[in-house]
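Visitor: Next up is a structure, given as structure tokens.
The values are calculated or read from the model by the stated rules, or taken from the named source; none is laboratory data. If you're wondering where the values come from, they're calculated on a predicted model, not measured in any experiment. Positions of Cβ are backbone-derived with ideal geometry, glycine not excepted, and every protein chain shown enters the neighbour counts.
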Amino acid sequence: MKTLAVVVTTSPYSHLTITALTYVEAALVAGINVIGVFFYQDGVMHANEDISIASDEYQAIAHWQRLQQEYQLPLHVCITAAEKRGIACDSIDNEKINQIFTVSGLGELVELTTKASRLVQF
Amino acid sequence: MTSTNQITTPDYPKETGLAIINSKAPFSSNHGKDALDIALIFGSFEQKVSLFFQGDGVYQLIADQDGSLVSIKDYLKTFSAFEFYDIEDIYVCQQSLVNRQLEEVFHIDGVQVQTSSEFSAALNAHQHVLRF
């Protein structure tokens with residue numbers, strides 16, 4: 001079975017993220033096994049609970065949430081990159097990470113890469 | 001051109017491992033360090049990883065640079081640890097060096113200077129590619 005892993009390095013307000021979302025959704029609709037999306041560099045900003053994008057603009061985070069719920073798509077966020085951008089999960093009181101994301105490290109990227117037939121970066 | 005609508009899968013050779021393309025200069029952004037972190041993690045998990053330097057990324061290999069002069073932690077020093085992570089395949093694009101009038105003098109050993117066609121052939125031998 002062909003498997004796909006995706007790396008997102010663009011911010012939630014980047015137009016390239018729309019391309020990533022469109023691509024991932026097309027793969028899911030086509031029945032391709034998307035084993036996970038790994039958010040790295042500015043991509044980790046998707047996991048910031050406090051991000052608020054004007055309602056007439058593309059709601060990237062809401063779309064990731066929809067895909068995560070409809071397809072049980074694993075969304076991994078690199079914690080080192082997240083903490084560097086003020087997105088912490090060090091205490092329950094200071095929980096900034098959106099619950100749709102799994103807190104991961106680069107080891108998860110190794111795991112996804114070795115399992116995937118194809119890795120695509122946005 | 002054939003008129004058939006059949007989708008054929010090209011017969012690629014067996015590809016393995018991860019290729020990381022470094023295309024950014026070392027001290028203007030965090031891309032080089034972000035790429036290095038991935039390379040070292042793959043190395044420590046004993047996964048095959050090769051490094052490609054192209055465009056402004058070739059500046060990451062040039063000797064006698066000091067990031068501390070611009071208050072940046074000099075992650076380039078960590079390149080000397082590649083052998084301990086079994087990262088042996090390090091390729092640099094010759095044309096990118098020529099375009100920038102850079103000598104083939106690097107701060108680590110074992111860098112392979114390649115023509116554009118050799119560079120792309122080496123890249124093609126990998127299953128996965130990440131670009132920073």
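Visitor: B:F106 - would you say it is more than 13 Å from the chain's Cα centre (by Cα), surrounded by 12 or more Cβ atoms within 10 Å (Cβ to Cβ) and farther than 30 Å from A:L4 by Cα?
Guide: The answer is yes for B:F106.
Visitor: Six or more apart or on different chains, Cβ atoms under 7 Å: show the pairs whose first residue is in the range B:13-42 and within 11 Å of another protein chain (Cβ to nearest Cβ) and whose second is surrounded by fewer than 19 Cβ atoms within 10 Å (Cβ to Cβ) and aliphatic (A, V, I, L, M).
Guide: B:E15/B:A125; B:A19/B:L123; B:A19/B:V129; B:I21/B:V129
Visitor: Got at least one residue in the range B:82-92 being among the aromatic types (F, W, Y), modelled with pLDDT of 95 or more and outside any helix (DSSP H, G or I)?
Guide: Yes - at least one qualifying residue is present in the range B:82-92.
Visitor: Right, B:F45: at pLDDT below 95, within 28 Å of A:V44 (Cβ to Cβ) and over 15 Å from the mean Cα position of the chain (by Cα) or not?
Guide: No, not satisfied.
Visitor: Looking only at helices (runs of 4 or more DSSP H) that fall completely inside the range A:22-122, which ones have 1 or more residues that are within 14 Å of chain B (Cβ to nearest Cβ) and among the acidic types (D, E)?
Guide: In the range A:22-122, A:79-84, A:106-115 are the helices (runs of 4 or more DSSP H) which contain 1 or more residues that are within 14 Å of chain B (Cβ to nearest Cβ) and among the acidic types (D, E).
Visitor: Search the range B:93-132 for residues being acidic (D, E) and under 23 Å from B:S80 (Cα atoms), and hand back the single one that is nearest to the other protein chains (Cβ to nearest Cβ).
Guide: B:D109
Visitor: State all residues of the range B:38-57 that are buried (at least 18 other Cβ atoms within 10 Å of the Cβ) and aromatic (F, W, Y); if no residue qualifies, say none.
Guide: B:F42, B:F52, B:F53
Visitor: I would also like to ask the following. Scan the range B:62-71 and tell me whether some residue there is in contact with a Pro (Cβ under 8 Å, 6 or more places away or on another chain), part of a helix (DSSP H, G or I), under 17 Å from B:N22 (Cα atoms) and not charged (D, E, K, R).
Guide: The answer is no, given that none of the residues of the range B:62-71 is in contact with a Pro (Cβ under 8 Å, 6 or more places away or on another chain), part of a helix (DSSP H, G or I), under 17 Å from B:N22 (Cα atoms) and not charged (D, E, K, R).
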